[in-house]
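Visitor: Before we start, here is the structure in question, set down as structure tokens.
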Amino acid sequence: MSNAHHTSEQVLFSRQFANPTRETFSCPPIGGFVRRYLGNSRVSVDPFARNKRWATYTNDINPQTAAEYHMDAEDFLKHLVKQGLAGQIDLGILDPPYSPRQITECYKEFGKVASMTDTQNAVLYSRVKAALVPLLSPDAVVLSFGWNSAGMGPGFDRIELMLVSHGAAHNDTICVAERRNIDQIRMFA
């Protein structure tokens, strides 16, 4: 079931239904959303990849996952900048744990205890978004997933929103696609 239309801001909106899955991109409509943008990408990055090696550069803090790197997400992005990838990424994928409970569970999977600082997801999101920006090309797209539609904030224009309802008492997954807007970046600089 898909209801898609353009609003006055020309943001594509759709609502889908799918059963919840442990790994976000294993959910068929969400996986399709990601693959569609990956199909138009040359160089992509996913700092919270878990077991999906879809992006050019993948990372997950859990060393037991299939990701290429196993670092803190912010440190991973800074590492890519040091490797000379600043301004080279045309697709960023942000699918961090959505809540303090999920952060704690992720750490527990590989035997690490999450500290109070680790579970402050708003701080985590801010640090990772800030570390992603230097990597992005002028026309980059960023995909964000979670329980809110905050996305990247100033300097980015929404191009698509997809709500995925999981039924019963499950939170919807909100999928946001945004394109970098260089004019806005200059205005906020």
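Visitor: Could you check region 17-52 and list, in sequence order, the residues that are without any contact (Cβ under 8 Å) to a residue 12 or more places away in the chain, of a type in the set (K, R) and farther than 23 Å from P63 by Cβ?
Guide: Matches in region 17-52: R36 only.
One line per residue, one yes/no per condition, for (1) within 16 Å of the chain's Cα centre (by Cα); (2) assigned to a loop (DSSP other than H, G, I, E, B):
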position	(1), (2)
R35	yes, no
N40	no, yes
R50	yes, yes
A66	no, yes
L80	no, no
Q83	no, no
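Visitor: Could you give every pair whose Cβ atoms fall below 6 Å, whose first residue belongs to region 162-177 and is more than 14 Å from F13 (Cβ to Cβ), and whose second residue is at pLDDT below 95 and of a type outside the set (A, V, I, L, M), counting only separations of at least 6 or pairs across chains?
Guide: Hits for this filter: H166/P20; H170/P20; N171/W147.
Visitor: Would you be able to say whether some residue in region 1-22 is within 15 Å of the chain's Cα centre (by Cα) and at pLDDT 95 or above?
Guide: no
Visitor: Output yes when any residue across region 10-27 is out of contact with any strand residue (DSSP E or B) (no Cβ under 7 Å at 6 or more places or on another chain), among the polar types (S, T, N, Q), surrounded by fewer than 22 Cβ atoms within 10 Å (Cβ to Cβ) and at positive phi, and no when none is.
Guide: Scanning region 10-27, I find at least one residue that is out of contact with any strand residue (DSSP E or B) (no Cβ under 7 Å at 6 or more places or on another chain), among the polar types (S, T, N, Q), surrounded by fewer than 22 Cβ atoms within 10 Å (Cβ to Cβ) and at positive phi, so the answer is yes.
The values are calculated or read from the model by the stated rules, or taken from the named source; none is laboratory data. Everything numeric here is computed off the predicted structure, so don't read it as measured data. In this analysis, Cβ positions are derived from the backbone assuming ideal geometry, glycine residues included, and neighbour counts consider all displayed protein chains.
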